[in-house]
Amino acid sequence: MNSASGLVDLERLLASEADLAGTGLGDFTELESPSSDEDPPPMTAATPELTGLLNQAFCDKAAREVRTSFVNADSSIVVDLGVSERPSGAAAAWMADMRRVYAECDAWTMDISGQKITVQVLDPAGDPSEPLAVEPRYGDEALMRTMLAGPAGQQARITTLLVREGDRALELTFRTLVDESAGPEDVRLATVTAGFLELAPAKFLERPLG
C-alpha cells in the first residue's frame, strides 16, 4: 500500500460533516483545515524523566494520519478529530506512554511563545465526562482524560479520547472555555460530547451508530 492509498484508506474511518446529519450535531461545521496541525509546544513536568516522557508521548508521530476539526455556530466548542496508523506494535507502545503520562503527571507547563501555561489533569473519578465508564466501550483499548489549561477564570477545558484498534488510533478532542456558572453551557457541552463519542468511534471502528 502506498502512502496516498493509505491516506484514502484512513479517510474512510474519519467522521466528516456529512456524517453529522441526523445526529443532533447540526450546529457544527467542518473547518477547511484542522485547528490542531501545529506541533505541540515544549512541555515541562515535575522531573526530567517525566518531562522526557511527556514530550515523547505528545510529540509521537504516526506513519500516516488524517485530521479534521469541527466548530459550532458561536465558536464556543471546537472538536478535533484524527485517525492515524503506526508500524506494528507502535500504536500500543504510544498508548502505554500516554497512560503513563496521565498516571504519573497530574500537572505540567507548556511554553507558548515564552508564556508558561499550566495544565492540570482532572481526577477521572471526579470528571463529569465519566472517562472510566466511557473507555471500556471502544476498540482494543481506550483512554480518556480531561485537562484544564490556563489561569483561573480563563481556563480552557480539553477532553481527549484515544482509541486503539490494532495499529490504528483515533484521537477525539473537545476544547472549550470553562463555564464557571455550571449552567446551560455545561449541558450543551455534555450533549455535544455524547454525540461525538457516539459518532467518531463508530466510524473509526466501522460499526453502525447506536
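The values are calculated or read from the model by the stated rules, or taken from the named source; none is laboratory data. Quick caveat, the model's predicted, so the values are computed rather than measured. Reconstructed Cβ throughout: ideal geometry from the backbone, glycine too, with neighbour counts over all protein chains shown. These area figures cover heavy atoms from the full protein model, side chains too; ligands, DNA and RNA do not enter into them. Shrake-Rupley method; radii C 1.70, N 1.55, O 1.52, S 1.80 Å.
Brief remarks follow.
- By definition, a body whose alpha carbon gyration tensor gives a ≥ b ≥ c is oblate when a/c is 1.5 or more and a/b is not larger than b/c, and region 1-116 fits this oblate description.
- Summing +1 for each Lys or Arg and -1 for each Asp or Glu among the other residues whose beta-carbon sits under 12 angstrom from that of Glu104 gives -1.
- Under the span-like rule (Cα at least 27 Å along the axis, Kyte-Doolittle mean at least 0.0), DSSP H helices of the chain: 184-204
- Max mean-square fluctuation residue, GNM over the chain, Cα-Cα springs under 10 Å, options Thr47, Thr109, Thr173: Thr47
- Between Ser76 and Leu132, the C-beta separation translates, for a Förster distance of 41 Å, into a calculated FRET efficiency of about 0.95.
- R0 of 30 Å, Cβ-Cβ distance Glu185-Leu205: FRET efficiency to nearest 0.05: 0.50
- Here is how the number arises for the chain: DSSP H runs of 4 or more residues each give -39500 (n - 2.57), the sum is divided by the residue count, and the result at 222 nm is -9000 deg cm²/dmol.
- Vicinal HN-Hα couplings computed from phi for region 22-31 (Karplus, 6.51 cos²θ - 1.76 cosθ + 1.60; Hz; Gly/Pro x): x, 9, x, 10, x, 6, 9, 10, 8, 6
- Here the chain has 53 percent of its accessible surface on carbon and sulfur atoms, given a 1.4 Å probe and all protein chains in place.
- Modelled spin-label separation between Glu32 and Asp9, with each label point placed 7 Å from Cα along the Cα-to-Cβ direction: 3.2 nm.
- The slack in the chain from Thr118 to Ala63, taken as 0.36 nm per residue of separation less the alpha-carbon distance, amounts to 16.8 nm.
- You can think of it this way: the chain between Asp39 and Gln56 has 4.9 nm of extra reach, that is 0.36 nm per residue less the Cα-Cα gap.
- Gyration tensor (alpha-carbon) shape descriptor, region 94-210, a/c threshold 1.5: oblate
- Qualifying GluC sites (Glu not before Pro) for region 31-120 [loop in DSSP, other Cβ within 10 Å: at most 10]: Glu32, Glu38
- Euclidean distance of C-alpha centroids, region 9-46 and region 194-210, integer Å: 14
- Taking amide H as placed 1.01 Å from N in the peptide plane, Ala46 has no amide H partner under 5 Å among residues 5 or more places away or on another chain.
- Listed values (1) 42, 41, 33; (2) 60, 37, 32; (3) 204, 26, 25, entry calculated as Cα extents along the principal axes in Å: (1)
- Gaussian network model of the chain, springs between alpha carbon atoms under 10 Å - residue of Ile158, Ile112, Ile77 with greatest fluctuation: Ile112
- With R₀ fixed at 35 Å, the C-beta to C-beta distance from Arg99 to Ala21 puts the FRET efficiency at about 0.50.
- A 1.4 Å probe run over the chain, with the rest of the protein chains in place, finds 50 Å² accessible per residue.
- Electrostatic bookkeeping for Phe174 treats Lys and Arg as +1 and Asp and Glu as -1; over the other residues with beta carbon under 11 Å from its beta carbon, the sum is +1.
- Most mobile of Asp97, Asp74, Asp19 in a GNM of the chain (Cα contacts under 10 Å): Asp74
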